[in-house]
Amino acid sequence: MTASIHTTCPYCGVGCGVKVDSQGVPSGDAGHPANLGALCVKGMALGESQSLPNRLLYPRVNGEQVDWPGAVDHIARRFGELIERHGPGAIAFYGSGQMLTEDYYVANKLMKGFIGSANIDTNSRLCMSSAVAAHQHAFGEDAVPASYEDIDQAELVVIVGANTAWTHPVLFRRLEAAKAANPHQQWVVIDPRATATAQQADLHLAITPGSDLVLFNGLARRILDSNRLDRHFVERHVAGFDELQRQLSAPEYSPETVAEATGLSIARLERFYQLFLDHPKTLTLFCMGINQSLQGTLNAGAIINCHLLTGRIGKPGAAPFSLTGQPNAMGGREVGGLANQLAAHMDFAPANRDKVARFWNTDRLAQSPGHKAMDMIAAIERGEIKALWVMGTNPAVSLPDSDRARRALASCELLIVSDISPNTDTAKLAQVLLPAAGWGEKDGTVTNSARIISRQRPFKPAPGAARPDWWALCQVARAMGFEQAFAFESAADIFREHAALTGFENGGERLFDISALSTLSDAEFDAMTPRSWPLSGKEGGPARLFTDGRFATPDGKARLRPAQPSAAAGPAGLLLNTGRLRDQWHTMSRTGHVARLMAAATEPQAQLHPDTLAALGLERAELIALHNEHGRTLVRPVADPGMAPGQVFVPMHWSEEFSAGGRINDLVEARGCALSGQPAFKQNRVQATPVELQWQASWIATEAPARLPAWWSRRPLAQGECWSLADLDTSAAEARAALTAEGSWLDWPLPQGRLLVNLEQGKIAGLLLLGLSPWHINPEPLATLLGTALQPSLLLGQLSQALAGNSRLVCSCWSVSEEQIRRAIAQNEITELPQLQQLLKCGTRCGSCVPELKQLIAVCQPQLQGEHI
Ligand SMILES: Nc1nc2c(c(=O)[nH]1)N[C@H]1C(S)=C(S)[C@@H](COP(=O)(O)OP(=O)(O)OC[C@H]3O[C@@H](n4cnc5c(=O)[nH]c(N)nc54)[C@H](O)[C@@H]3O)O[C@H]1N2
Ligand SMILES: Nc1nc2c(c(=O)[nH]1)N[C@H]1C(S)=C(S)[C@@H](COP(=O)(O)OP(=O)(O)OC[C@H]3O[C@@H](n4cnc5c(=O)[nH]c(N)nc54)[C@H](O)[C@@H]3O)O[C@H]1N2
Ligand code: SF4
Ligand SMILES: [Mo]
């Protein structure tokens with residue numbers, strides 16, 4: 001038997017170590033410093049998510065299957081022609097924080113170094129670029145100061161614009177453990193919604209969206225007013241104090257005005273400020289609620305200001321801590337794979353250009369920054385960019401104003417997409433499709449939120465002709481005539497060159513220097529254990545930056561950044577906030593086919609406060625339209641008392657692969673932070689109106705219905721799939737005729753609709769529940785009958801179970817539904833989590849649902865008490 005392979009989870013920036021046994025079964029790697037053995041539900045489901053129903057196996061050019069030499073020649077020839085006619089700027093590359101560092105390094109080298117175009121940007125622009133810009137300004141380099149160990153030592157944890165319980169679950173469990181070990185640790189969560197994270201906080205500040213800058217400027221003012229400035233630290237290590245002080249003395253930072261702008265009571269505001277003043281060991285975690293904002297860079301800057309003023313950086317338990325979203329967002333930043341960076345933490349300054357050109361031995365180096373993600377779309381529209389290579393991202397879904405992005409992508413003379421699936425919304429627009437080796441098949445490194453570089457290792461062969469992304473890039477580079485510069489034979493070769501560049505003529509001015517790893521042998525690279533940079537720290541141990549108060553600026557001082565909030569007035573309507581669900585990953589291409597990951601949220605939904613639903617007359621609406629000048633989408637409204645009135649939250653995940661109605665970026669304006677270019681995904685305006693449904697149905701089968709109505713969404717079941725269907729225009733009779741046009745069908749009238757059964761040679765091939773709301777049935781019992789001989793008594797038995805109600809899964813590991821949990825709490829008068837865990841096992845495996853379990857216990861309490869009175 002072979003030993004287990006140690007690799008890294010391909011989802012979020014926590015960067016958990018995963019052990020895969022000889023059967024391919026994943027488990028947490030206890031030896032990995034990021035997770036110490038834990039995995040969340042997505043990590044636990046890695047075994048299932050590996051078996052993608054539709055894998056892209058061979059290259060395709062204009063719909064025809066070709067071999068790799070054919071595809072590579074086509075790309076190299078077209079690139080050559082376009083460069084000759086329009087110059088290198090006509091070529092662009094759009095990559096991803098999910099590429100490995102080695103893929104990223106080669107893409108950056110090819111684009112900036114040899115094609116000579118800096119039009120290489122990535123989805124990290126949508127994710128981390130505000131934090132990057134804030135770090136660069138404040139510290140002189142894009143470097144996250146903290147390490148995960150700081151969580152254990154902090155006295156105050158401020159979580160801003162992050163739903164960590166769902167989006168960085170293993171980190172959240174570490175936070176929970178830290179709080180259990182130190183009950184004095186206080187948590188403040190700043191989020192307009194009462195998320196699973198906010199529910200666990202000692203203090204939740206449900207601020208007015210977009211008002212974080214005022215809140216933290218107000219905190220900075222309070223630090224000065226109450227004489228809590230760390231004078232010694234500021235004098236020696238910080239620049240820009242006088243200007244900040246001047247700005248903060250403005251009346252808009254008086255407690256009354258801050259309270260008004262943030263929508264908080266003065267008492268709550270004071271409580272937060274006092275907690276901050278009282279706890280020197282403060283860790284401020286921030287994520288998309290801060291970054292994806294019109295003033296994202298200034299938001300992050302205002303947080304950093306508060307840490308600098310109090311000297312809370314580079315010390316145990318004290319730092320501003322930007323959480324990275326994707327598994328290798330940090331690695332992409334390290335290679336410099338954004339349009340405004342050159343390479344290895346160097347920008348386009350002449351001295352850096354000179355260095356990098358000599359290191360790469362090229363005379364074609366791009367001389368100035370290229371187009372950032374949203375500008376790339378505009379440059380395609382203007383006809384400046386003719387060819388785009390998309391790798392490891394699904395921009396037709398994830399870019400703002402996605403209809404416009406789609407039109408632009410479709411209009412490219414040459415759109416190349418490297419993916420593992422041919423079915424993503426972006427892949428469907430491509431002229432050239434390149435099959436990528438996926439997780440478990442490829443080799444390289446990733447860097448997590450805390451600068452820990454870990455290995456991804458293959459444990460199975462790539463299927464068909466799928467190849468690593470770096471390999472495809474090198475093939476094209478060589479075919480374009482750059483054989484020598486792209487002679488890499490392995491990920492190890494690339495890693496060594498990348499590491500060497502970080503130390504090249506560095507002289508200590510760049511913090512990011514891993515050149516000690518440039519001499520690793522192949523065997524040493526294979527055996528490399530997780531390590532953080534700077535490499536001087538103990539292996540895998542805490543690697544804090546700026547411990548000596550020296551920053552990466554020319555004078556060694558950190559820079560404060562004064563910033564005025566801009567007026568937030570916009571068109572009237574509901575405020576649209578978007579983000580993530582616990583069990584889905586982005587555009588669902590890797591999680592949407594896994595039944596238990598889909599079971600917690602089965603269709604595109606919009607969360608609204610019950611009062612807002614009532615005010616808009618939407619309480620009983622099955623579907624509502626959300627619309628604005630950019631687009632329109634149909635979603636299912638869900639009453640959520642944790643939402644603030646006047647706001648609506650919609651998950652970002654739904655694409656046209658899984659639903660006709662839920663692609664929310666159609667309504668998001670392509671506008672963002674002027675300093676970073678990051679879109680403001682969290683603050684848009686929409687209207688909500690009810691829609692009148694003519695009919696609704698559930699289609700349970702292994703095949704899709706032949707004709708799809710105006711609205712549908714599909715989800716995998718343990719067996720087969722369920723399609724929820726609805727239409728606004730056609731009648732139920734027309735729907736019935738269209739849906740049952742093929743095959744032989746039996747018809748059972750039901751009190752509120754009908755059950756139609758499709759029989760093929762006496763066996764059940766499909767079931768259609770017509771006229772019943774798909775949102776109130778549970779399709780699983782009926783789906784177990786697919787492929788079996790028709791037995792009416794069994795069918796009716798399963799039908800009554802299905803009609804007993806839809807039951808949302810809360811614990812995906814042990815398949816425990818909300819219904820079961822509520823019942824268990826009520827029947828057993830449960831008040832503590834362990835009682836519930838013992839009874840139902842829920843929350844005892846990966847722990848991702850623990851925050852929700854606690855929430856359910858809390859909400860069921862008043863009912864319990866009510867019954868006793
Ligand atoms: N399950 C899951 N986990 C993931 C991912 C996933 O797709 N699924 N993706 C990964 C990636 S790439 C990323 S970037 C991270 C994102 O991780 P997070 O940033 O934690 O996730 P989001 O849900 O995008 O947004 C976080 C919160 O910001 C809040 N927010 C909105 N507007 C404001 C505001 O004005 N101020 C404040 N303070 N808060 C606001 C939202 O209500 C939301 O709860 O998650 C990573 N982890
Ligand atoms: N409304 C709204 N929109 C958002 C956000 C939001 O909060 N709200 N968040 C933004 C953020 S932070 C992010 S990070 C983006 C994420 O958005 P995307 O990057 O578009 O989302 P993914 O679904 O992760 O896309 C990854 C693609 O890579 C493919 N893939 C998987 N493995 C490999 C591989 O090894 N090689 C290659 N070549 N391909 C592979 C997958 O099949 C998938 O198609 O969305 C952004 N968009
Ligand atoms: S927290 Fe979950 S998704 Fe994130 S790296 Fe760990 S196991 Fe993967
Ligand atoms: Mo992200």
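The values are calculated or read from the model by the stated rules, or taken from the named source; none is laboratory data. Fair warning: this is a prediction, and the values are worked out from it, not measured in the lab. Neighbour counts are summed over all protein chains in view; Cβ atoms, including those assigned to glycine, are modelled from backbone coordinates with ideal geometry. Please note that ligands, DNA and RNA were not included when accessible areas were found on the heavy atoms of the full protein model with its side chains. Shrake-Rupley method; radii C 1.70, N 1.55, O 1.52, S 1.80 Å.
Could you list, in sequence order, the residues of region 91-118 that are within 16 Å of ligand 4 (Cβ to nearest atom) and assigned to a loop (DSSP other than H, G, I, E, B)? Correct list: Ser96, Gly97, Gln98, Met99. For Glu334, are the conditions met, namely being acidic (Asp, Glu), open to solvent by 10 Å² or more (accessible area, probe 1.4 Å) and away from ligand 1 (no atom under 16 Å from the Cβ)? When the stated conditions are applied, Glu334 does not pass them. Among the residues here, Gln50 does not qualify as closer than 17 Å to Pro369 by Cα, more than 16 Å from ligand 1 (Cβ to nearest atom) and open to solvent by 10 Å² or more (accessible area, probe 1.4 Å).
Annotation: of all residues in region 492-510 being open to solvent by less than 20 Å² (accessible area, probe 1.4 Å) and over 22 Å from Gln456 (Cα atoms), the one that is modelled with the lowest pLDDT is Arg510. When Asn577 is tested against (1) assigned to a loop (DSSP other than H, G, I, E, B); (2) touching a helix residue (DSSP H, G or I) at 6+ places or on another chain (Cβ under 9 Å), just one condition goes unmet, and that condition is (1).
Answer yes or no: is there a residue in region 670-683 that is at pLDDT 95 or above, away from ligand 4 (no atom under 16 Å from the Cβ), crowded, with 16+ Cβ neighbours inside 10 Å and within 30 Å of Arg125 (Cβ to Cβ). There is at least one residue in region 670-683 that is at pLDDT 95 or above, away from ligand 4 (no atom under 16 Å from the Cβ), crowded, with 16+ Cβ neighbours inside 10 Å and within 30 Å of Arg125 (Cβ to Cβ).
When region 276-328 is filtered for residues that are of a type in the set (Ser, Thr, Tyr) and surrounded by fewer than 24 Cβ atoms within 10 Å (Cβ to Cβ), only Thr310 remains.
The number of residues in region 756-813 being assigned to a helix (DSSP H, G or I), more than 30 Å from Leu46 (Cβ to Cβ) and in contact with a helix residue (DSSP H, G or I) (Cβ under 9 Å, 6 or more places away or on another chain) comes to 9.
Scanning region 394-443 for residues being open to solvent by 10 Å² or more (accessible area, probe 1.4 Å), within 16 Å of ligand 3 (Cβ to nearest atom) and of a type outside the set (A, V, I, L, M, F, W, C) gives a total of 0.
Please go through region 735-786 and give me each residue that is touching a residue at least 60 places away in the same chain (Cβ under 8 Å), open to solvent by 20 Å² or more (accessible area, probe 1.4 Å) and closer than 15 Å to Gly720 by Cα, ordered by number. If the condition is that a residue be touching a residue at least 60 places away in the same chain (Cβ under 8 Å), open to solvent by 20 Å² or more (accessible area, probe 1.4 Å) and closer than 15 Å to Gly720 by Cα, then Ala765, Glu780, Thr784 are the ones that fit. The set of residues in region 576-605 that are out of contact with any Ser or Thr (no Cβ under 9 Å at 6 or more places or on another chain) and either surrounded by fewer than 21 Cβ atoms within 10 Å (Cβ to Cβ) or at pLDDT 95 or above (or both) comprises Leu576, Asn577, Thr578, Leu581, Ala601, Gln605.
Taken together, Ala76, Ala118 contain a single residue that is in the same structural domain as Asn361 (by TED's automatic domain parsing), within 23 Å of Leu675 (Cβ to Cβ) and more than 16 Å from ligand 2 (Cβ to nearest atom), which is Ala118. Checking each residue in region 457-491 for being open to solvent by less than 10 Å² (accessible area, probe 1.4 Å) and touching a Gly at 6+ places or on another chain (Cβ under 9 Å) picks out Ala466, Ala491.
Would it be correct to say that Pro33 is in contact with a strand residue (DSSP E or B) (Cβ under 8 Å, 6 or more places away or on another chain) and either under 14 Å from Glu441 (Cα atoms) or open to solvent by 10 Å² or more (accessible area, probe 1.4 Å) (or both)? It is true that Pro33 is in contact with a strand residue (DSSP E or B) (Cβ under 8 Å, 6 or more places away or on another chain) and either under 14 Å from Glu441 (Cα atoms) or open to solvent by 10 Å² or more (accessible area, probe 1.4 Å) (or both).
Quick test of your reading of the structure: Thr324 fulfils all but one of (1) out of contact with any Phe, Trp or Tyr (no Cβ under 8 Å at 6 or more places or on another chain); (2) within 16 Å of ligand 1 (Cβ to nearest atom); (3) under 15 Å from Glu141 (Cα atoms); (4) not in a helix (DSSP H, G or I). Name the failing condition by number. That leaves (3) as the condition not met.
The criterion of at least 1 residues that are of a type in the set (Asp, Glu) is met by the following helices (runs of 4 or more DSSP H) wholly inside region 17-86: 46-49, 68-86.
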